[in-house]
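So the structure is just underneath, and the comments pick up after that.
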Amino acid sequence: MPEEQLLTTAEVAHRLRIKPETIYAYVSRGLLARVKVPGERSSRFRLADVERLASRTQATRPDRDTAATMRTATTLIAYGRLHYRGVDAAKLAPVTPFEEVARWLWTGEWRGD
């Protein structure tokens, strides 16, 4: 399976339209899990977890910006980035054949690595 996308605290705050302090409150309440990256002092957060939390809170927050966003079951386009199943497509493109990505999107099974 390709490496999953991890977001910084600043990226999560921007995506959820909240203050960084609120992220830590979400972590302490068990609403959001943090990921420790070896060699880094700061926490990271899985894009899929952030998107799941965003879908719960989206209706309650006013838009802070007008960035185009589109989400489907397999694709997220937001803030000028394209993600397939939570993985940044720009990271897949240079190292993964098009056919493998297409098969992965179609079946959900990863044969790469």
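Of all residues in region 1-41, which are in a loop (DSSP other than H, G, I, E, B) and open to solvent by 60 Å² or more (accessible area, probe 1.4 Å)? Give the steps one after another, and end with the answer.
First, the residues of region 1-41 that are in a loop (DSSP other than H, G, I, E, B): 1-5, 8, 17-19, 29-33, 37-41.
Result: MET1, GLU3, GLU4, LYS19, ARG29, GLY30, LEU31, PRO38, GLY39, GLU40, ARG41.
Taking the criterion of being at pLDDT below 85 and open to solvent by 100 Å² or more (accessible area, probe 1.4 Å), the only residue of region 42-58 that qualifies is ARG56.
The values are calculated or read from the model by the stated rules, or taken from the named source; none is laboratory data. Quick caveat, the model's predicted, so the values are computed rather than measured. When the accessible area is computed, the model is the full protein with side chains, heavy atoms only, and any ligands, DNA or RNA have been set aside. Shrake-Rupley method; radii C 1.70, N 1.55, O 1.52, S 1.80 Å.
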